[in-house]
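Below is one structure, written out as structure tokens, with a few remarks after it.
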Amino acid sequence: MDIKEFSKNYFEQIKVLINQLDLDKIQKITEVIYNAYKNDKQIFIIGNGGSASTASHFACDLGKGTLKNFYDDQEKRFKVISLTDNVATMMAFANDLCFEDIFVQQLRNLVNPGDVVIGISASGNSADVVRAIEYSKRCGAKTIGFLGFRTGGKLHDLVDYEITVQDEHYGRSEDIHMIMVHLITNYFAELKKCES
């Protein structure tokens with residue numbers, strides 16, 4: 001198989017996965033995130049490995065990519081934080097407690113009722129993400145999962161809202177998660193333009 005044939009097959013599989021996405025679920029997730037923005041609630045995003053990068057990317061796009069004017073002090077902004085970005089804090093908790101606590105311990109400092117916590121995990125079984133989502137729900141935060149592997153793992157039935165990629169391939173699951181990141185943030189950017 002050459003790269004052209006491989007590419008064609010890969011892209012065809014991505015198209016199938018995109019067409020399987022539930023638009024009602026996308027709408028609900030978008031509403032939850034937008035309501036957090038409108039009500040001055042915080043949004044926390046977490047994930048491991050490639051999903052940690054997606055969490056950082058999502059926070060960047062929500063925080064910066066939705067702005068109409070970077071220098072307008074009156075423009076309302078998303079209060080969004082990727083908990084994957086503070087390496088010193090994560091490593092301190094991993095070293096002194098356990099790796100499964102790297103997100104939940106940060107949330108203990110920050111999360112409030114009505115905030116939103118987004119867990120990104122292709123398997124849906126990442127123990128640190130599961131623990132953080134469980135804690136967030138106990139605190140009255142709304143929880144969202146960007147999941148994969150067809151079932152969404154433990155997080156599928158734990159989060160309040162989810163998008164679960166119907167594929168067992170890490171790369172394609174993460175591709176769809178990134179599409180969701182860009183879809184949602186571009187929608188908010190357009191929505192803010194229309195509201196002005």
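Here are the numbers for this structure:
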read-out	value
Among residues of segment 67-97, those that are surrounded by 15 or more Cβ atoms within 10 Å (Cβ to Cβ), over 21 Å from Gly119 (Cα atoms) and polar (S, T, N, Q), counted	0
Any hit, segment 137-151, residues being under 20 Å from Ser56 (Cα atoms) and part of a helix (DSSP H, G or I)	no
Cβ-Cβ under 6 Å pairs, at least 6 apart or on other chains, segment 1-24 side in a helix (DSSP H, G or I), far side at pLDDT below 95 and among the acidic types (Asp, Glu)	none
Failed item, numbered, when Leu155 is tested on (1) surrounded by fewer than 24 Cβ atoms within 10 Å (Cβ to Cβ); (2) under 16 Å from the mean Cα position of the chain (by Cα)	(1)
Members of segment 103-122 that are among the small types (Gly, Ala, Ser) and within 24 Å of Glu31 (Cβ to Cβ)	Gly114, Gly119, Ser121
Subset of segment 98-129 that is in contact with a Leu (Cβ under 6 Å, 6 or more places away or on another chain) and not small (Gly, Ala, Ser) - its residue that is surrounded by the most Cβ atoms within 10 Å (Cβ to Cβ)	Phe103
Residue that is farthest from Phe78 (Cα to Cα), among those in segment 19-55 that are loosely packed, with under 12 Cβ neighbours inside 10 Å and of a type outside the set (Asp, Glu)	Asn19
Verdict on Ile133 being in contact (Cβ under 8 Å) with a residue 60 or more places away in the chain and of a type outside the set (Ser, Thr, Tyr)	no
Only listed residue being under 15 Å from Ile45 (Cα atoms) and outside any loop (DSSP other than H, G, I, E, B), chosen from Gly114, Gly119, Gly171, Gly124	Gly119
Selection status of Val159, within 19 Å of Ser53 (Cα to Cα) and touching a helix residue (DSSP H, G or I) at 6+ places or on another chain (Cβ under 9 Å)	no
Neighbours by Cβ (under 7 Å, 6+ apart or cross-chain): first from segment 84-99, in contact (Cβ under 8 Å) with a residue 12 or more places away in the chain; second hydrophobic (A, V, I, L, M, F, W, C) and surrounded by 13 or more Cβ atoms within 10 Å (Cβ to Cβ)	Thr84/Ile46; Thr84/Ala52; Thr84/Ala55; Met90/Ile102; Phe93/Ile102
Asp61 being out of contact with any Lys or Arg (no Cβ under 8 Å at 6 or more places or on another chain), in contact (Cβ under 8 Å) with a residue 60 or more places away in the chain and closer than 16 Å to Thr185 by Cα	yes
Matching residues in segment 38-83 - criterion: being in a helix (DSSP H, G or I) and in contact with a strand residue (DSSP E or B) (Cβ under 7 Å, 6 or more places away or on another chain)	Ser51, Thr54, Ala55, Ser56, Phe58, Ala59, Leu62, Gly63
Qualifying residue in segment 155-166 (condition: farther than 13 Å from Gly47 by Cβ, part of a helix (DSSP H, G or I), in contact with a Phe, Trp or Tyr (Cβ under 9 Å, 6 or more places away or on another chain) and modelled with pLDDT of 95 or more)	no
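The values are calculated or read from the model by the stated rules, or taken from the named source; none is laboratory data. Fair warning: this is a prediction, and the values are worked out from it, not measured in the lab. Positions of Cβ are generated from backbone atoms using ideal geometry, with glycine treated the same way; all protein chains shown enter the neighbour counts.
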